[in-house]
Amino acid sequence: MKLNIDERWLLELQERYVPEESHLVDFTALAAAIARHHTAGPRVGYEPDAAWAAACLAHTVVQLTPMASRNELFACVVTFSYMAAAGEAIHAKYGEINQLVRDAQSGAASVFELADRIRTWRV
């Protein structure tokens, strides 16, 4: 199930999981992540699902870096938390989520490729 979240949800995650390690420096980056994950049709013939929305959030966080530091950690937290909140728990092998975030950050994987990986982790 695709779940629509808001900035408050992301800020609560940030406060819970990376409260003292970093602080928000660009609120518009969070707004961009929210807007992007709300998109109903990212390309012709593609039906967005929870994995795509989680990938969008993670990809946008590491590309636009809303926090002073620890954006990669936050992207990992957002990915797992979004999927759980959407009722689609995931289980990634050791290092897979870190690689997903690195690939998003470097441009080695598109948001669609990230979503495909997340789908393989569904429990």
Rounded to the nearest 10 degrees, the helix 96-106 long axis (Cα) sits at an angle to the longest Cα principal axis of the chain of 80
Computed over the chain: longest principal axis from alpha-carbon atoms vs helix 50-64 long axis, angle to nearest 10 degrees, is 40
Two pseudo-spin positions, 7 Å from Cα along C-beta at Glu7 and at Ala108, lie apart in nanometres by 3.3
Sites removed, the longest contiguous part of the chain containing no DSSP-loop chymotrypsin sites (Phe, Trp or Tyr not before Pro) with at most 14 other Cβ within 10 Å is 47-93
Connecting every pair of Cα atoms under 10 Å apart in the chain and solving the GNM, the largest mean-square fluctuation among Gln14, Gln99, Gln63 falls on Gln99
Within the set Asp26, Asp103, Asp49, GNM on the chain using Cα springs under 10 Å gives the largest fluctuation to Asp26
Surrounding charge for Ala109, neighbours by C-beta under 10 angstrom, Lys/Arg +1, Asp/Glu -1, total -1
Exposure proxy check on Cys56, Cys76: fewest-to-most Cβ neighbours within 10 Å is Cys76, Cys56
With Cα springs under 10 Å, the Gaussian network model of the chain assigns the largest mean-square fluctuation among Ala108, Ala55, Ala32 to Ala108
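Find out how many positive minus negative residues lie around Gly41, taking Lys and Arg as positive, Asp and Glu as negative, among other residues whose Cβ is under 14 Å from that of Gly41. List each step's numbers first, then the result.
On the way: positive: Lys2, Arg36, Arg43; negative: Glu47, Asp49.
Residues close to Gly41 contribute a combined charge of +1.
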Here the relative contact order (percent) of the chain, from C-alpha pairs under 8 Å and at least 6 apart, is 29
Among trypsin sites (Lys or Arg not before Pro) in the stretch 1-109, those in a DSSP loop whose Cβ has at most 11 other Cβ atoms within 10 Å are Arg43, Lys93
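Read the figures in this text as sums done on the coordinates, not as results from a lab. Not measured: the values here are computed from a predicted model. Every residue, glycine among them, receives a Cβ derived from its backbone with ideal geometry; neighbour counts consider all protein chains shown.
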